[in-house]
Amino acid sequence: MPVAVRLPTVLRPSAGGASTVQAAGATVGEVFDDLVRQHPGLRDQLLTGDGELHRHLNVFLNDDDIRYLGKLGAKVSDTDTLTLMPAVAGG
Amino acid sequence: MLELPAAVVDEVVAACLAGYPLEVCGLLAGSVTADGSSALVASSTTTPNAAASARVYTVEPVALLRADRAADDAGLTLCGVWHSHTHTDAVPSPTDVAAAPDPGWWYLLVSLRDVEPKLRAWRIRDGVVEEDAVAVR
């Protein structure tokens, strides 16, 4: 079953302008794989060349940061929402 | 143009002074005009600086999520981020430019270098930095 993935403004052009998309998978990594299959332009904005989560991207599984849930291995179910947000930082 | 309620300006400056000598950061919620050229700020949220540094800041991720949801619930949008420069001008640093997360946002900087804090607003798009007017209402 697909889960809802909320996209920040900066990623929407790579997903046809949608603010929320559906993607299927049992883990965050699998959901990302499906997301990239649907919207190949998202690949480099989500993942590094090594397939790791991009460090400038925050990914929340419902209310929790997936860095503390197993990162891309975090389990998801069809009632979950993934929210993607760019890291907000500077100096 | 970035329109700021005087109460928001007071809140931002007070937070920056309270957090000195560390950099302090927060998020702005409001309404953006359809052409993206102006924003009317309704509220500010001071967020933890996850970097806890006098030189850099990182908005604590869960605070970012909460601020985004609160803005959404209020019919607003996150439209900018503010942070203090403790010893330099209110001008984006190379780190600010490189890390700017959203070309549609305003970047409000507060300099604490002089006795009187100074605020300036900037747009940062694809590495290009432009100052924007601030109107305090």
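What to note about this one:
- Restricting attention to segment B:69-90, the residues being surrounded by 15 or more Cβ atoms within 10 Å (Cβ to Cβ) and either among the hydrophobic types (A, V, I, L, M, F, W, C) or touching a Lys or Arg at 6+ places or on another chain (Cβ under 9 Å) (or both) number 10.
- Counting the residues of segment A:24-48 that are out of contact with any His (no Cβ under 9 Å at 6 or more places or on another chain), within 16 Å of residue A:73 (Cβ to Cβ) and assigned to a strand (DSSP E or B) gives 1.
- Conditions (1) within 13 Å of the chain's Cα centre (by Cα); (2) within 17 Å of residue B:117 (Cβ to Cβ); (3) among the charged types (D, E, K, R); number of the one not met by residue B:3: (2)
- Across segment A:58-89, the number of residues qualifying as buried (at least 19 other Cβ atoms within 10 Å of the Cβ), within 12 Å of the chain's Cα centre (by Cα) and within 19 Å of residue A:9 (Cβ to Cβ) comes to 8.
- Residue tally, condition charged (D, E, K, R) and within 11 Å of another protein chain (Cβ to nearest Cβ), over segment B:71-93: 1
- Residues of segment B:75-89 classified as touching a helix residue (DSSP H, G or I) at 6+ places or on another chain (Cβ under 8 Å) and either part of a loop (DSSP other than H, G, I, E, B) or over 18 Å from residue B:14 (Cα atoms) (or both), total: 2
- Qualifying residue in segment A:23-41 (condition: more than 10 Å from the chain's Cα centre (by Cα) and closer than 22 Å to residue B:25 by Cβ): no
- Given (1) in contact with a strand residue (DSSP E or B) (Cβ under 7 Å, 6 or more places away or on another chain); (2) part of a helix (DSSP H, G or I); (3) at pLDDT below 95, index of the condition residue B:72 fails: (1)
- Of all residues making up segment B:24-69, the number that are in a loop (DSSP other than H, G, I, E, B) and either in contact (Cβ under 8 Å) with a residue 12 or more places away in the chain or more than 24 Å from residue A:62 (Cβ to Cβ) (or both): 15
- Per-region count, segment B:99-131, residues away from chain A (no Cβ under 14 Å), assigned to a strand (DSSP E or B) and surrounded by fewer than 17 Cβ atoms within 10 Å (Cβ to Cβ): 4
- Segment B:23-43, residues that are over 12 Å from residue B:106 (Cα atoms), buried (at least 17 other Cβ atoms within 10 Å of the Cβ) and out of contact with any Phe, Trp or Tyr (no Cβ under 7 Å at 6 or more places or on another chain): B:24, B:42, B:43
- Only listed residue being within 12 Å of chain A (Cβ to nearest Cβ), of a type in the set (D, E, K, R) and closer than 22 Å to residue B:128 by Cβ, chosen from B:68, B:96: B:96
Here's the yes/no breakdown for (1) touching a Ser or Thr at 6+ places or on another chain (Cβ under 9 Å); (2) within 14 Å of chain B (Cβ to nearest Cβ):
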{"residue": "A:3", "(1), (2)": "yes, no"}
{"residue": "A:11", "(1), (2)": "no, yes"}
{"residue": "A:18", "(1), (2)": "no, no"}
{"residue": "A:38", "(1), (2)": "no, no"}
{"residue": "A:41", "(1), (2)": "yes, no"}
{"residue": "A:49", "(1), (2)": "no, no"}
{"residue": "A:62", "(1), (2)": "yes, yes"}
{"residue": "A:67", "(1), (2)": "no, yes"}
{"residue": "A:71", "(1), (2)": "no, yes"}
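- Any hit, segment B:39-51, residues being under 30 Å from residue A:82 (Cβ atoms), β-branched (Val, Ile, Thr) and touching an Asp or Glu at 6+ places or on another chain (Cβ under 6 Å): yes
The values are calculated or read from the model by the stated rules, or taken from the named source; none is laboratory data. The structure displayed is predicted, hence computed values, not measured ones. Neighbour counts run over all protein chains shown; Cβ positions are idealised from the backbone, glycine included.
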